[in-house]
Amino acid sequence: MPISEDVLVVGGGLAGSAAALSAAETGASVRLVSYKKSTLRFASGLVDALGYAPNGDGPIADPFEAIAELPADHPYGVVGADAVREGLALFDEVTGDAYRGGHTDANALVLTHGGTIKPTARYPARAASGLASDSRDALLVGFESLTDFDAPLAARHLSAAGVPFSVEGVTVSFPRRFRADAKLTRFSRSLDRDERADGTRVRRALAETVAPHLGSAERVGFPALLGDERADEVRAELAAELGAAVFEVPTGPPSLLGLALEDRLYEALDEAGVRISTGNPVVDYEADGGRVRAVYVDRKGQRVPYHAEQFVLATGGLVGKGIDSDRERVREPIFDCRVPHAPDRYDWFDGDAFGDHAFARFGVVPDAELRPTDEGGDARFSNLRAAGSVLGGADFAAEKSGGGVSLATGLVAGRNAGEATT
């Protein structure tokens, strides 16, 4: 028997989750279909609204003031600043006290594992004591077995950037010895369980290892691995032992902060009654008279149809494989929606490695309803909308706008889709 819903969302990241949640709020029945785990596990866990202008100016203090100056074809230009506020409000409702930043329109300045400062709209509570606007002296702590976070190098970069506090970095041995290829989750699990380490417990042993390096620091930053289910408890115990505030520095993949965010989102989807199907790719679609009737999921070689009244495409951009390319063209691979690009692929890039690359803005072109359009500007399908980084018109990485765009466009696309079924 064919599977059928009012709204079907293709894609399980931040945009897809926002679309599914907002569609469910309209009373529609919703299913979210995702092939692989979302890219959130590879992300920092930070949610940006707008950190830099398209011309590189910034960091931006108030993203909402800057949104009004963006080009009309930017995703924010399509949905408007109010949608950004609503998207962030939805995020705040989902994440509760696990995130900070909802008290102000202004961006926070968060330290990164590379020793840079990132303007962001929402940040995990686990990173809250590490803001660059905090004048307290800081110590950054890295571990010998984890090369992704070079604490002394990060500290030197921050000092060179002129942060308003003294910052030092140190590399120490983690109190428990693990295999050289041990994952971050092994470290976090050890701290969660407070496992034994050389006659004492690992949390106390870690504090005793760090304490001689503390100096005048009033706060201590560790890579984001201080526990999972008991992360708050781990930070509080380390802070008590050290007599200093403890924070976590967002790290690259695999990201425990990103995994924690993914868990929160999927808990909210379950509570909202959204049906979730993961592990199998959407490979094709069926349409009739300008409307999508179904998408086909490849389940071990079997093409399984998923029918719906309305569809939302939230498969990501080039990184998430929502936009694909070969030597001849750039395309959206499921519905074959138009992705504008120069015919000569050498024009997709800038000669400067850090220049203005056209490929960074590749994506489908939406109408006012977020429906992907054809070359004439008409909706390709009347019941298909797009959200997140599958949309063109913005360089999300350079602007630091990906999270806000995902939330705002996901909310609008999902709500419009849900309302169209009633």
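Counting Cα-Cα pairs of the chain in 20 Å increments starting at 0 gives whole-percent bin shares of 26, 52, 21, 1.
Could you tell me the distance between the Cα centroids of region 9-24 and region 111-151, to the nearest Å? Result: 30 Å between the Cα centres.
For the chain, averaging the sequence separation of C-alpha pairs within contact (under 8 Å, six or more residues apart) and dividing by the residue count gives a relative contact order of 27 percent.
Per residue, the convex hull around the alpha carbon atoms of region 51-193 comes to 152 Å³.
Looking at region 113-249 alone, DSSP beta bridges between its own residues are antiparallel in about 10 percent of cases.
Comparing ILE323, THR112, VAL172 along the charge dipole axis of the chain, the residue lying farthest to the positive side is VAL172, per the Cβ-charge model.
Of the beta bridges in the chain, as assigned by DSSP with both residues counted there, near 45 percent are antiparallel. Estimated purely from DSSP H runs of n ≥ 4, each contributing -39500 (n - 2.57), the mean residue ellipticity at 222 nm for the chain is -8000 deg cm²/dmol once divided by its residues. Start at zero, step by 5 Å, and the Cα-Cα distances of region 113-249 spread as 2, 11, 21, 25, 21, 13, 6, 2, 0 percent across the bins. With neighbour counts taken as other beta-carbon atoms within 10 Å, the residues THR409, THR171 rank, fewest first, as THR171, THR409. Of all lysines in the structure, the ones whose alpha carbon falls short of 23 Å from that of LYS400, not counting any fewer than 8 places away in one chain, are LYS37, LYS118, LYS321.
Throughout, read-outs are computed from the coordinates displayed, never taken from laboratory work. These numbers were taken from a predicted model, which means no experiment stands behind them. Note: ideal-geometry Cβ built from the backbone for every residue, glycine included; neighbour counts use all protein chains shown.
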